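K.L.:
Dropping a structure here in structure tokens format, bear with me for questions.
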Amino acid sequence: MNTVFKLFLSMSFSGAALILALLAGKRFWRDKISRQWQYYIWLVVILRLLLPFAPERNLMATACQAVEQALSGTTLSVLPQPMTDTEDADVPVSVWTPGSVTVDNALQEDENADNPAPDFKDAAHLSSGNENVGDYIWLVWLAVVSGLLIRKITMYQSFVRYVKDGCSPVNDIAMLERFSDAATQTGIKKPVELCVNPLVSSPMLIGFFHPCIVLPGTEISEKDFHYIALHELTHHKRRDILYKWLVQVTVCLHWFNPMVYRMRREITRACEFSCDAAVLAKVGKDHAPEYGKTLLDAMAAVRTYRENFGAVTLSENKQLLKERLVAVMNVRKKSKTVVMLTGVMTLCLIFGAAFMGVYPAAAAQPDSTKEHRSSPAEAGNAADNNGQTPIALQAEQYYEAGSFPMFLIAFSRMDEEAKGAWLNRIYADGQFMFLGAVASQLETDSAHIQQIAEKAYADDSVIFFSVVVKRMSEKTLKAWLDRAQADGKFAFQSILFDLLDDEKLDAMEEELEKQDETARKQEYLEHGIVSDQNLKTFYYESQLVHIFLDIRKEKSFYFLQVNPQGTVNVKVTRDGNNHIESVDYMTDAEVTALFGDMKEEENDEYEASAYDMPQIISVNEQRIAAGAKRWFGDYDLRSGDKIRYDIEAETGDAIMVGFVNNADSRFSDTTYCSALVHREDGVLKCTADFVCGEPVKDGQYKLYIYAPEGALGNVKGSVSIAHAQ
Amino acid sequence: MAQQISDAELEIMKVVWANGGEPALFACLADKLAAKGRPWQKNTLITLLNRLVNKGFLKAKKIGRRNEYTPLVSEAEYQSAQTKNFLEKIYEGSASGLVSMLISGDMLTDDEYEELRKLLEKGSQKL
């Protein structure tokens, strides 16, 4: 394999680890740390992915040592061997492989995590055996990269041409003056062109050297225009197009790395978020509602040209828009502590980037082999002299930065005592995400697992308990189940039942659920909530409940029931002992916060509730001869029933689907709800909806598929009939 | 000269032409426009000037950090092209149609009418 390519692979791996670290950290800092930071911190990752070298030479040696320390003693003793075997050949393979293993572990929480040595040997064998294949892979990579880059560039050019062709400059001098005002406010010296193109659906910024803001039309209010101009000019000021292209190029180069696509998505979001934040910082927080309204209005139009990368548009998509609105409303000044913390985190990440990239980079250079040979000894010394200090320090850093993968590496190298201490700390901090990651490193039924389980059980912490039970043997699980049953802890029992797969237990679980339901029904009744037997319908203060929500203290476990006919929304809160603390009506804000995403689905449900569960008739015919009709059974159709065809044929030119009310009568006379479709753009697909009514009289009908022009091959799909209630 | 220019751009061109074909400095243009009751912002003016340069009406030359603008199209050239365009569009190329409209529409003062008559006579003497 080409050394440069290998170096590149290692960059990709360390980049992926950094991306994972940032993604994992996001949930902790999303609303706490400045949006600008969240946007620009990705630059560190991009630089890691693009630049093969570390900032300082001497850092390499230190980093090599640190990593080798991080590897277990067994690995160290194995390490020098393949090196001497393949002295002239590609040493780096053997060195970067363990790195890749740890990344995989972080991803899959692989059980072999504490013993990377066997994988490492296999990989070394594989790579030395497939030297020729390696060369080939390198070429494939290059071919795909150039292909992707050319495609990206041509698509961007055609997009710019599409936009520019329909552009006419804005001649309204008043508007130009307002635009200049916005430019002054943004602090832009070089003027930006302002154009109108009715073909674009939302305002956008195109061109890097000759920037131009394109509006869909000039009929916008003074306020909207001001905000739009500020937003787009801010994009220009921050050189977001350059950033976007940097990301695109990185994605093209690392096309095989799934994490970079995730990164691109994150950056796109972060870009808009931080731009909104920057605009609001300029105009003042009181403008937030109006600015949010402008975002909404800009979204009202649907984009006509789908590929809008490279251009910076005001509205990227609906989901993102929703989040942006929430963020816009929550803009606030960051406290000094947060600013300090941000600084520390940035340093951590940059250090992390250098540290991770350096290790493989150093390894990929044959002349660094010598450093390597000496390092195991040094590493050994360090470990002898000073047991856990460096690892503990690293673990501390990664833990603070919320970086799972790196923390895991450090954790797996700790002794039992240190592991125990960390587990206690994670538990005390309530970091169940970390516990989940770390648990995979612990042995089944180990003392640590038991200890945490005991604690969680005593504290009624269902969520922590559910994490550690995954590392228990069946025997232990059964013992826990007996205990939970004896203590009458339903939540714990249900977790254990889910994990134990046993018929006898299934029956028990059902029984238990019934008991639980009866108990809950009684409990609700005591707090003025009347429910039916199955806990499906609730009444509160003589009103039918629409949304019924019962949340445990730690929010790990909730019970939710929605009744479309209901008129009030009720929320049950529980105290630490799991007793009902209060029953309240939910505020509108709470409903939106909890069910904002589900609203649309709910509407579908309302609609669906007017119909029975649809009857699905699946169609799978290898061949229907020319002029032949195939029958698919008898169905009762009544006025108001909904019929949907979704049938595709692989070969053939035309397909007809429909119903006849009597199979004996002539075809053309009595066919109902029929759809005749011809092949279009190479596809022969019949999708149609009907609602029964005149001239379809209530009665029994036969479903048919007909091949009017030539034979049909591989006819597949379904017909669904939803009977009106 | 197929390019059309907007009203605001024409205002700028008038100031440039008034300079008598000499190159005009940016600051000088801005001052003169402000004096004519058009106190446009710097960015607006630069955008408009850039458009004129792109349309081939002006030539920009950088002198140090200042821009100097020279007209590439004279006022007479612009007027004749615009008139031709106007004749084509409104009178289908017939100049007599335009003149008869000017006279019958009472759009000329007596002095102007005299002047026009003299011009016509001069023209016929030349032939």
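K.L.:
Using beta carbons and a limit of 7 Å, which pairs, at least six apart or on different chains, have the first residue in the range B:72-92 and under 22 Å from B:E9 (Cα atoms) and the second one among the aromatic types (F, W, Y) and in a helix (DSSP H, G or I)?
P.N.:
Correct list of pairs: B:E75/B:W17.
K.L.:
Looking at this structure, is A:V283 aliphatic (A, V, I, L, M) and either within 20 Å of A:F13 (Cβ to Cβ) or not assigned by TED's automatic domain parsing to the domain that holds A:I153 (or both)?
P.N.:
Taking the combined requirement at face value, the residue does not satisfy it.
K.L.:
Let me ask something else. Report yes if A:H236 is under 15 Å from A:D276 (Cα atoms) and within 14 Å of another protein chain (Cβ to nearest Cβ), otherwise no.
P.N.:
It is true that A:H236 is under 15 Å from A:D276 (Cα atoms) and within 14 Å of another protein chain (Cβ to nearest Cβ).
K.L.:
Please count how many residues of the range A:510-536 are part of a loop (DSSP other than H, G, I, E, B) and modelled with pLDDT under 75.
P.N.:
Qualifying residue count for the region: 5.
K.L.:
Take the conditions of a type in the set (G, A, S) and touching a residue at least 24 places away in the same chain (Cβ under 8 Å) and apply them to A:A428. Does it pass?
P.N.:
Against the criterion (of a type in the set (G, A, S) and touching a residue at least 24 places away in the same chain (Cβ under 8 Å)), A:A428 does not qualify.
K.L.:
Hey, another quick one. When only residues in the range A:136-178 that are among the basic types (K, R) and either more than 10 Å from every other protein chain (Cβ to nearest Cβ) or in contact with a helix residue (DSSP H, G or I) (Cβ under 6 Å, 6 or more places away or on another chain) (or both) count, which is farthest from A:C212 (Cα to Cα)?
P.N.:
Here the residue is A:R151.
K.L.:
Which residues, counting only those in the range A:234-246, are touching a Cys at 6+ places or on another chain (Cβ under 9 Å) and assigned to a helix (DSSP H, G or I)?
P.N.:
A:T234, A:H235, A:D240, A:Y243, A:K244
K.L.:
Which one is nearest to the other protein chains (Cβ to nearest Cβ), of the residues in the range A:190-223 that are under 28 Å from A:A288 (Cβ atoms) and of a type in the set (D, E, K, R)?
P.N.:
Per the stated criteria, the residue is A:E222.
K.L.:
Among the listed residues A:L194, A:L176, A:L149, which satisfies the condition of being in a strand (DSSP E or B) and surrounded by 13 or more Cβ atoms within 10 Å (Cβ to Cβ)?
P.N.:
Going through A:L194, A:L176, A:L149 in turn, just one is in a strand (DSSP E or B) and surrounded by 13 or more Cβ atoms within 10 Å (Cβ to Cβ): A:L194.
K.L.:
Can you give me the ranges of the helices (runs of 4 or more DSSP H) entirely in the range B:36-127 with at least 2 residues that are away from chain A (no Cβ under 14 Å) and surrounded by 12 or more Cβ atoms within 10 Å (Cβ to Cβ)?
P.N.:
Where helices (runs of 4 or more DSSP H) fall fully within the range B:36-127 and carry at least 2 residues being away from chain A (no Cβ under 14 Å) and surrounded by 12 or more Cβ atoms within 10 Å (Cβ to Cβ), they are B:75-91, B:95-104, B:110-126.
K.L.:
Shifting gears a bit: I'd like to know if the range A:322-334 contains one or more residues that are β-branched (V, I, T), at pLDDT below 75 and part of a loop (DSSP other than H, G, I, E, B).
P.N.:
Looking for residues that are β-branched (V, I, T), at pLDDT below 75 and part of a loop (DSSP other than H, G, I, E, B), one finds at least one in the range A:322-334, hence yes.
K.L.:
Please enumerate the residues belonging to the range A:638-647 that are under 14 Å from A:I617 (Cα atoms) and buried (at least 16 other Cβ atoms within 10 Å of the Cβ).
P.N.:
Within the range A:638-647, A:K642, A:I643, A:Y645, A:D646, A:I647 meet the criteria.
K.L.:
Separate question: Somewhere in the range A:467-479, is a residue within 21 Å of A:H579 (Cβ to Cβ), exposed (fewer than 15 other Cβ atoms within 10 Å of the Cβ) and among the hydrophobic types (A, V, I, L, M, F, W, C)?
P.N.:
No: zero hits.
K.L.:
Something else now. Identify all residues within the range B:1-16 that are away from chain A (no Cβ under 11 Å), surrounded by fewer than 17 Cβ atoms within 10 Å (Cβ to Cβ) and of a type outside the set (S, T, N, Q); write none if there are none.
P.N.:
B:M1, B:A2, B:K14
K.L.:
State whether one or more residues within the range A:641-658 are of a type in the set (A, V, I, L, M) and modelled with pLDDT under 80.
P.N.:
No, because not a single residue in the range A:641-658 is of a type in the set (A, V, I, L, M) and modelled with pLDDT under 80.
K.L.:
Mind checking which residues of the range A:179-188 are assigned to a helix (DSSP H, G or I) and more than 10 Å from chain B (Cβ to nearest Cβ)?
P.N.:
Listed by number, the residues that qualify are A:Q185, A:T186.
K.L.:
Please work out which residue is farthest from the other protein chains (Cβ to nearest Cβ), limiting yourself to the range B:17-35 and to residues that are under 24 Å from A:F179 (Cα atoms), assigned to a helix (DSSP H, G or I) and of a type outside the set (D, E, K, R).
P.N.:
Ranking the candidates gives B:C28 first.
K.L.:
Within the range A:269-292, can you find the residues that are of a type in the set (D, E, K, R) and either in contact (Cβ under 8 Å) with a residue 60 or more places away in the chain or outside any helix (DSSP H, G or I) (or both)?
P.N.:
A:D276, A:K282, A:E290
The values are calculated or read from the model by the stated rules, or taken from the named source; none is laboratory data. This is a predicted model, so every value here is computed, not measured. Here Cβ is always computed from backbone atoms with ideal geometry, including for glycine, and neighbour counts include all displayed protein chains.
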